[in-house]
Amino acid sequence: VRPTSDNLSVAADPDVLASVSRRFKQRTDEVPDFQRHVVPMLGTLGCNGRACHGSFQGKGGFSLSLFGYDFIADHAALTDEFAGRVQLDDPAESLLLLKPTGGAEHGGGKRYQVGSWQYNLLSRWIEAGAPAATDLQVAVNLQITPSEILFRNKGQRVKLTAVVTWDDGRREDVTQLARMEVIDDQVAVVGFDAVLTSRGSGDTHLIVSYDKAVVAVPVIQPVSRLTGRKYPAVPTPTQIDKLVVAKLSKLGIVPAALSGDADFLRRVFLDISGTLPSPEQVESFVNDASTDKRSRMIDELLDTTAYIDWWAMRLTDLSGCNSQQLGSTDMNSPAALQWQAWMRRRVADNVGWDKIAAGLLLANSRLPGQTYDEYVWEQSSFQTNKHRAEFTDLDRPMHYYWARSDISTPQNKALSFGYIFLGVRLQCAQCHKHPFDQWSKQDFDDFTQFFSRLRWGTAPDSADAHNALRNRLGVPEKLDTAALRRQMYMRVSAEGLPIPWREVYVNAAGKDPQTARLLGGEALDLNQFDDPREPLFAWLVDRDNPYFARAFVNRIWHHYFGRGLVDPVDDISAGNPASNEPLLDYLAHGFIESGFDIKWLHRQIANSRTYQLGWQTNQTNRNDERHFSHVRLRRLQAEVLVDAIFQATASDERNRDFLHNTDQRKITLHPGNLSPSSVGYALAIFGKPTRSVNCDCERSTQPTLLQSLYVKNDKEILEQIERKDGWLAGIARQLGEELKSETGRGIIVPAKLDIPDDKKPASEEIVRQAYLRTLSRLPEDQELDRGVAHLRLCESPIEGARELIWALLNTQEFITNH
C-alpha cells in the first residue's frame with residue numbers, strides 16, 4: 001500500500017465482527033469475553049504493564065499477570081470480593097470503573113472517560129456477573145491490513161486494521177485491542193488510533209500482537225529517489241544477490257562497487273580459515289587473470305586445516321563446551337578436549353549440521369547393548385596417558401553435552417536447546433508471555449517436559465556395579481570428599497583402569513500420562529516413548545521446522561557480515577523479524593535441500609557478489625546498517641587477531657605454512673580451563689567467550705582501552721616482533737647483522753657477516769613485505785615512499801623495519817576485517 005495523506009478509511013467486511021470501539025460505543029446487551037476483550041483492553045490501557053499492576057510486586061496492592069496472559073489469576077484478582085474492584089451488586093461503584101475515570105484516587109491517572117467504549121465494555125462485563133474465561137480459545141490467524149507499507153514522504157499516514165480468526169471460525173476486528181509498536185520510531189510512529197505516520201526515511205517493522213498472535217508489518221520509506229524504473233542496473237549473479245538487490249531497490253539504496261582482489265582475499269581468508277594470506281598468496285592471487293579465481297580460492301580454503309580448526313572452535317563455542325562445567329565428568333580437561341576433537345572430526349568430514357545435532361542431543365553414555373562394566377573400561381581408555389583410544393568415531397555420540405553443570409535442570413536444558421538449535425530466547429517465557437513474542441509460560445512448561453526424564457549420574461540398572469567399583473577403589477570413609485575422589489579417580493583412569501564413571505541416561509516412563517508440547521506444535525504423551533528426545537529431534541530436523549535451519553543459516557550469515565538477517569542471532573521471534581525474509585527463507589530451504597551441508601552454506605554466501613562488495617560507501621548506502629549494501633568493517637575475533645599478530649611477525653617459512661600447520665595456534669587450542677583468569681590475557685581482553693552463558697553476545701569484538709594498550713606497548717607484542725625466529729631476525733640475517741634486543745629498549749645490530757649488497761633486501765622490498773604481511777596488500781606509492789624514507793632515516797634498516805611493522809600492527813586496517 002502506498003498511502004496518501006487522506007488514506008485513512010478502511011472498508012468494512014460483512015463477515016467480520018465490528019470492533020469493540022464501535023459495538024460498545026453505546027450501551028448494548030452484548031457480554032464481553034474475558035479472554036477476547038477484557039484482558040486485551042486492559043493491556044492496551046497499560047494496566048498489566050511492567051510500570052503498573054503487571055510489575056512483580058504489583059501497584060497499590062493489586063497485581064495482574066505481566067502483559068495479561070494468566071487468565072485464571074487475573075480473573076481472581078479482579079473479582080476478589082474483599083477488594084472492591086468489581087461490585088456485582090452495584091457495578092458503577094466498582095473500583096475498576098471509578099479509578100481509571102478519575103472517580104477515585106488512582107496512581108495511574110485517568111485512563112478513559114465515563115461513557116466511553118472502554119467504560120461501557122467493562123461496565124457491561126461486570127453487570128453480566130464478570131464471567132471468567134472458561135474454555136480458552138485459540139487465535140489461529142491475525143491479519144493486518146495493509147500487510148506492507150511503502151511511504152514516499154514524511155508525514156504520510158495510513159490507517160491499520162487487525163482482524164483475528166479464532167479456532168471456531170469467527171472473525172473479529174480487534175484493531176483497538178491489539179498492541180502496536182514500531183521497532184524504529186525514527187521511521188514511523190503509531191498512535192492509539194491505529195494510524196501509522198511516517199517520520200523519516202529507512203526501513204523498519206510495525207509489530208502487532210493480540211492474544212498469542214504476533215505479526216510483523218514491513219514499513220519502508222526510500223532514502224533516495226532511485227527506486228522503481230530509476231533504480232540503476234546492478235549485477236545480480238546469484239540468487240542471494242537478486243534477493244538483496246530486490247530489497248535495496250525498494251529502499252533506493254545502491255550497493256557499493258565490487259571489492260578489489262587484495263581486499264577480497266584477506267576477507268575470505270580471515271572469514272573461512274581465521275588466517276591471514278601469506279605475501280606470496282596475495283601477489284599470486286592479484287596477478288592471476290582467470291575469471292574463476294575467487295570461487296576456486298573459496299574451495300581451496302574450505303579444504304585447509306585452518307578451516308577445520310577454526311570452525312570446530314566456533315561450533316564448540318556454540319554447543320557450550322566449557323571445562324569448568326564438565327567437572328562432574330571427573331576428568332574435566334580431557335572431557336573438554338575430547339569434545340573439541342569430536343567436533344573437529346565432524347567438521348573435517350563435513351558432517352551435516354543435523355547429524356552433529358543428533359550426536360549431541362540424542363547422546364547416551366552407553367552405546368546400544370553396552371554394559372556398565374564395558375562402558376567404564378571404554379571411558380577410561382579415552383583418558384589413559386598410554387595408548388589413548390580414539391574418541392571421535394562418527395558413530396559415537398557426544399554425551400558430555402548433557403553432563404554440563406549449567407544445564408542440570410529440565411528448565412536449563414530447554415533454554416540451552418532453544419538457544420543453540422532454534423536461535424530462540426525462552427528466558428522470558430519462564431515467568432510470563434512477552435507481548436511481542438508468542439511463547440507463554442505454559443508453552444515453556446510444556447516444552448521442558450521433553451527433558452524431565454534425562455539424567456546425568458548413576459543409572460538405576462548400574463547402581464550396584466557403580467557402588468561395587470567405588471568400594472573396590474577403597475576411598476576411606478573419613479576422607480570421602482568430592483575433591484579427593486576426583487584426584488584419585490584421575491590417577492586411576494590415567495592408567496586406563498576403570499573408575500565409577502557417571503553417565504547420561506533416560507529414566508523409565510511413569511504410569512500416568514506425561515504431556516509435553518513442541519513449540520508451536522502438537523501435544524504428545526511422552527510415556528509413549530522410551531526416550532522423549534526422539535520425537536523432539538524428529539520435529540527439530542523436519543523440513544517444515546521454522547527454526548533449526550534458519551537459526552544456523554542466520555548465525556553463519558552473521559559471521560560473514562557482522563550482522564544477522566535476524567539480529568540478535570539468538571532472538572528469532574515473530575517480534576524480531578528478518579531484515580530480508582525472502583533471503584533467509586531461500587538460504588534455509590537450500591540448506592535443508594543440501595542435507596544441512598555446512599560447506600554448501602559457506603560457498604553460497606562467499607560466492608555471492610553481496611559478500612564480495614567493497615567497504616567504500618556512496619551517498620545512498622552510507623547509513624545502511626541492515627541491508628548489506630556494503631561490507632561492514634569488523635574487528636577480528638580474539639583468536640584470529642592474536643594469531644594474526646604472530647603470523648605477521650613470523651619467519652617467511654612459518655608465515656607460509658600458517659594455513660596448514662595449526663600447531664599451537666589460538667584458533668585450535670582449547671585451554672584446560674576456560675575461566676576468564678586462565679584463558680590468556682590477550683584472548684581475554686579481545687573478547688574470547690568462556691562459554692559460561694547461553695548467548696552469542698559472549699564473544700565480544702568491541703574496542704577497549706586495554707586492547708589499544710596491548711597492541712601499542714605490551715611486552716608480548718614487542719617479544720613477537722623481536723623473537724629470534726621471526727621476520728625481523730630473518731631480515732637481520734639477510735643483511736649480515738645479528739639481532740640483539742632487550743624488549744622495549746631498542747635494538748642493537750652490529751655487523752657480523754660480509755654479505756654482498758646484491759644479496760641484501762632493498763628498503764623498498766622490506767616496506768612491501770611489511771604491508772603484505774600485515775595488511776595483505778602492496779603499499780600505495782605514497783606509503784612506499786614514506787616507508788623507505790623512514791628506513792633511511794633510522795640508524796639501521798632493522799630498527800626501521802621494527803618500527804614499521806609495529807606501526808602497521810597498530811592500524812585499524814590490520815585489526816579489522818574489511
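Of the numbered conditions (1) surrounded by 15 or more Cβ atoms within 10 Å (Cβ to Cβ); (2) over 30 Å from Gln430 (Cα atoms), Val164 fails exactly one; give the number of that condition.
(2)
Looking only at segment 233-242, count how many residues are part of a loop (DSSP other than H, G, I, E, B), over 23 Å from Ser201 (Cα atoms) and open to solvent by 40 Å² or more (accessible area, probe 1.4 Å).
Step one: filter segment 233-242 for residues part of a loop (DSSP other than H, G, I, E, B), giving 233-238.
After this cut, where a residue has to be over 23 Å from Ser201 (Cα atoms) as well, the list is 235-238.
Remaining after also requiring open to solvent by 40 Å² or more (accessible area, probe 1.4 Å): 235-237.
Residues meeting the conditions: 3.
Applying the selection to segment 626-649, what residues are surrounded by fewer than 24 Cβ atoms within 10 Å (Cβ to Cβ), closer than 18 Å to Leu243 by Cβ and within 21 Å of the chain's Cα centre (by Cα)?
Arg626, His627
List pairs: first in segment 768-788 and in contact (Cβ under 8 Å) with a residue 60 or more places away in the chain and within 25 Å of Thr275 (Cα to Cα), second open to solvent by 10 Å² or more (accessible area, probe 1.4 Å) and of a type in the set (Phe, Trp, Tyr), Cβ under 9 Å, 6+ apart or cross-chain?
If the second residue must be open to solvent by 10 Å² or more (accessible area, probe 1.4 Å) and of a type in the set (Phe, Trp, Tyr), the pairs left are Gln769/Trp727; Arg773/Trp727; Arg777/Tyr771; Leu778/Tyr771.
Scan segment 585-602 and report the pairs whose first residue is under 15 Å from Leu243 (Cβ atoms) and whose second residue is modelled with pLDDT of 95 or more and not hydrophobic (A, V, I, L, M, F, W, C), with Cβ atoms within less than 7 Å and a gap of 6+ or a chain change.
The qualifying pairs are Tyr586/Gln239; Leu587/Gln604; Ala588/Arg550; Gly590/Gln604.
Is segment 248-265 home to any residue that is assigned to a loop (DSSP other than H, G, I, E, B) and within 17 Å of Leu636 (Cα to Cα)? Before the answer, list the steps.
First, the residues of segment 248-265 that are assigned to a loop (DSSP other than H, G, I, E, B): 252-257, 259-260.
The next check asks that each one be within 17 Å of Leu636 (Cα to Cα); those that pass are none.
For segment 248-265, residues assigned to a loop (DSSP other than H, G, I, E, B) and within 17 Å of Leu636 (Cα to Cα): absent.
For segment 133-152, what are the residues that are open to solvent by 50 Å² or more (accessible area, probe 1.4 Å) and not basic (Lys, Arg)?
Thr134, Asp135, Leu136, Val138, Val140, Asn141, Gln143, Thr145, Ser147, Glu148
Which of the residues spanning segment 726-744 are part of a helix (DSSP H, G or I) and either at pLDDT below 65 or among the aliphatic types (A, V, I, L, M) (or both)? Lay out the reasoning, then the answer.
First, the residues of segment 726-744 that are part of a helix (DSSP H, G or I): 727-734.
Once the filter is applied, which keeps residues that are part of a helix (DSSP H, G or I) and either at pLDDT below 65 or among the aliphatic types (A, V, I, L, M) (or both), segment 726-744 yields Leu728, Ala729, Ile731, Ala732.
Identify the single condition in (1) open to solvent by 30 Å² or more (accessible area, probe 1.4 Å); (2) at pLDDT below 75; (3) not aromatic (Phe, Trp, Tyr) that Asp406 does not satisfy, given that it satisfies every other one.
Among (1) open to solvent by 30 Å² or more (accessible area, probe 1.4 Å); (2) at pLDDT below 75; (3) not aromatic (Phe, Trp, Tyr), the lone unmet condition for Asp406 is (2).
Any residue that is open to solvent by less than 30 Å² (accessible area, probe 1.4 Å), more than 39 Å from the chain's Cα centre (by Cα) and free of Cβ contacts under 8 Å to residues at least 24 places away in the same chain - is there at least one of those in segment 84-100?
Step one: of segment 84-100, the residues open to solvent by less than 30 Å² (accessible area, probe 1.4 Å) are 84, 86, 91, 94, 96-97, 100.
So of that shortlist, the ones also more than 39 Å from the chain's Cα centre (by Cα) come out as 84, 86, 91, 94, 96-97, 100.
If we keep only those that are free of Cβ contacts under 8 Å to residues at least 24 places away in the same chain as well, we get 84.
Yes, segment 84-100 contains a residue that is open to solvent by less than 30 Å² (accessible area, probe 1.4 Å), more than 39 Å from the chain's Cα centre (by Cα) and free of Cβ contacts under 8 Å to residues at least 24 places away in the same chain.
If you go through segment 387-415, how many residues are in contact with an Asp or Glu (Cβ under 8 Å, 6 or more places away or on another chain) and touching a residue at least 12 places away in the same chain (Cβ under 8 Å)? Spell out the reasoning first.
Filtering segment 387-415 down to residues in contact with an Asp or Glu (Cβ under 8 Å, 6 or more places away or on another chain) leaves 389, 394, 399, 412.
With touching a residue at least 12 places away in the same chain (Cβ under 8 Å) added as a condition, the list becomes 394, 399.
Summing the residues that are in contact with an Asp or Glu (Cβ under 8 Å, 6 or more places away or on another chain) and touching a residue at least 12 places away in the same chain (Cβ under 8 Å) in segment 387-415 gives 2.
Here's the yes/no breakdown for (1) of a type in the set (Lys, Arg); (2) part of a helix (DSSP H, G or I); (3) out of contact with any Leu (no Cβ under 9 Å at 6 or more places or on another chain):
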residue: Leu270; (1), (2), (3): no, yes, no
residue: Leu276; (1), (2), (3): no, no, no
residue: Glu283; (1), (2), (3): no, yes, no
residue: Thr291; (1), (2), (3): no, no, yes
residue: Ser295; (1), (2), (3): no, yes, yes
residue: Glu300; (1), (2), (3): no, yes, yes
residue: Asp303; (1), (2), (3): no, no, yes
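Listed residues Ser776, Ser763; which is modelled with pLDDT under 95 and surrounded by 13 or more Cβ atoms within 10 Å (Cβ to Cβ)?
On the way: Ser776 fails: modelled with pLDDT under 95.
Ser763 is the lone residue from the list that is modelled with pLDDT under 95 and surrounded by 13 or more Cβ atoms within 10 Å (Cβ to Cβ).
If you take the residues in segment 768-792 that are polar (S, T, N, Q) and assigned to a helix (DSSP H, G or I), which one is farthest from Val640 (Cα to Cα)? Reasoning before the result, please.
Keep residues of segment 768-792 that are polar (S, T, N, Q), which gives 769, 774, 776, 782.
Filter again for assigned to a helix (DSSP H, G or I), leaving 769, 774, 782.
Working: Gln769: 20, Thr774: 13, Gln782: 29 Å.
That would be Gln782.
Which residue, of Asp544, Asp571, is in contact (Cβ under 8 Å) with a residue 40 or more places away in the chain and open to solvent by 30 Å² or more (accessible area, probe 1.4 Å)?
Just one listed residue meets the conditions, Asp571.
Condition first: in a helix (DSSP H, G or I) and either of a type in the set (Phe, Trp, Tyr) or within 20 Å of the chain's Cα centre (by Cα) (or both). Now tell me which residues in segment 591-603 satisfy that.
So in segment 591-603, the residues in a helix (DSSP H, G or I) come out as 591-593, 598-603.
Listed by number, the residues that qualify are Phe591, Ile592, Ile598, Lys599, Trp600, Leu601, His602.
Okay, residues lined up against (1) within 22 Å of Asn817 (Cβ to Cβ); (2) in contact with a helix residue (DSSP H, G or I) (Cβ under 6 Å, 6 or more places away or on another chain); (3) surrounded by fewer than 16 Cβ atoms within 10 Å (Cβ to Cβ):
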site: Thr690; (1), (2), (3): no, no, no
site: Asp696; (1), (2), (3): yes, no, no
site: Gln702; (1), (2), (3): yes, no, yes
site: Leu706; (1), (2), (3): yes, yes, yes
site: Glu719; (1), (2), (3): no, no, yes
site: Lys724; (1), (2), (3): no, no, yes
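Name every residue in segment 515-541 that is in a loop (DSSP other than H, G, I, E, B), open to solvent by 30 Å² or more (accessible area, probe 1.4 Å), under 20 Å from Asn364 (Cβ atoms) and in contact (Cβ under 8 Å) with a residue 40 or more places away in the chain, in order of residue number.
Val541 - this is the single residue of segment 515-541 that is in a loop (DSSP other than H, G, I, E, B), open to solvent by 30 Å² or more (accessible area, probe 1.4 Å), under 20 Å from Asn364 (Cβ atoms) and in contact (Cβ under 8 Å) with a residue 40 or more places away in the chain.
List the residue pairs whose Cβ atoms are under 9 Å apart, where the first residue sits in segment 486-507 and is without any contact (Cβ under 8 Å) to a residue 60 or more places away in the chain, the second is of a type in the set (A, V, I, L, M) and open to solvent by 20 Å² or more (accessible area, probe 1.4 Å), and the two are 6 or more positions apart or on different chains.
Once the first residue is without any contact (Cβ under 8 Å) to a residue 60 or more places away in the chain and sits in segment 486-507, its partners that are of a type in the set (A, V, I, L, M) and open to solvent by 20 Å² or more (accessible area, probe 1.4 Å) give Met488/Leu473; Met488/Val475.
On the basis of being hydrophobic (A, V, I, L, M, F, W, C) and at pLDDT 95 or above, does Ala194 make the cut? Even if it seems obvious, please write down each step before you answer.
Details: hydrophobic (A, V, I, L, M, F, W, C): yes; at pLDDT 95 or above: no.
No.
Can you find, within segment 413-432, the residue that is farthest from Ile183 (Cα to Cα) among those that are outside any helix (DSSP H, G or I) and open to solvent by 10 Å² or more (accessible area, probe 1.4 Å)? If you could, list the steps in order and put the result at the bottom.
Kept after step one, since they are outside any helix (DSSP H, G or I), are these residues of segment 413-432: 423-427, 431-432.
Now restrict to residues that are open to solvent by 10 Å² or more (accessible area, probe 1.4 Å): 425, 427, 431-432.
On the way: Arg425: 18, Gln427: 21, Cys431: 24, His432: 21 Å.
Looking at the filtered set, the residue picked out is Cys431.
What about Lys355, is it among the charged types (D, E, K, R), assigned to a helix (DSSP H, G or I) and surrounded by fewer than 17 Cβ atoms within 10 Å (Cβ to Cβ)?
Yes.
For the structure I just gave you, tell me whether Asp445 is without any contact (Cβ under 8 Å) to a residue 60 or more places away in the chain and either assigned to a helix (DSSP H, G or I) or out of contact with any Leu (no Cβ under 7 Å at 6 or more places or on another chain) (or both).
On the way: without any contact (Cβ under 8 Å) to a residue 60 or more places away in the chain: yes; either assigned to a helix (DSSP H, G or I) or out of contact with any Leu (no Cβ under 7 Å at 6 or more places or on another chain) (or both): yes.
For Asp445, the condition - without any contact (Cβ under 8 Å) to a residue 60 or more places away in the chain and either assigned to a helix (DSSP H, G or I) or out of contact with any Leu (no Cβ under 7 Å at 6 or more places or on another chain) (or both) - is met.
Of the residues Pro500, Pro435, only one is at pLDDT below 90, part of a loop (DSSP other than H, G, I, E, B), more than 27 Å from Ala363 (Cα to Cα) and open to solvent by less than 30 Å² (accessible area, probe 1.4 Å); which? Break it down stepwise before answering.
Values: Pro500 fails: more than 27 Å from Ala363 (Cα to Cα).
None of the others qualify; the one that does is Pro435.
The values are calculated or read from the model by the stated rules, or taken from the named source; none is laboratory data. Computed from a predicted structure; not experimentally measured. Using ideal geometry, Cβ is built from the backbone for each residue, glycine included, and neighbour counts are taken over all protein chains shown. These area figures cover heavy atoms from the full protein model, side chains too; ligands, DNA and RNA do not enter into them. Shrake-Rupley method; radii C 1.70, N 1.55, O 1.52, S 1.80 Å.
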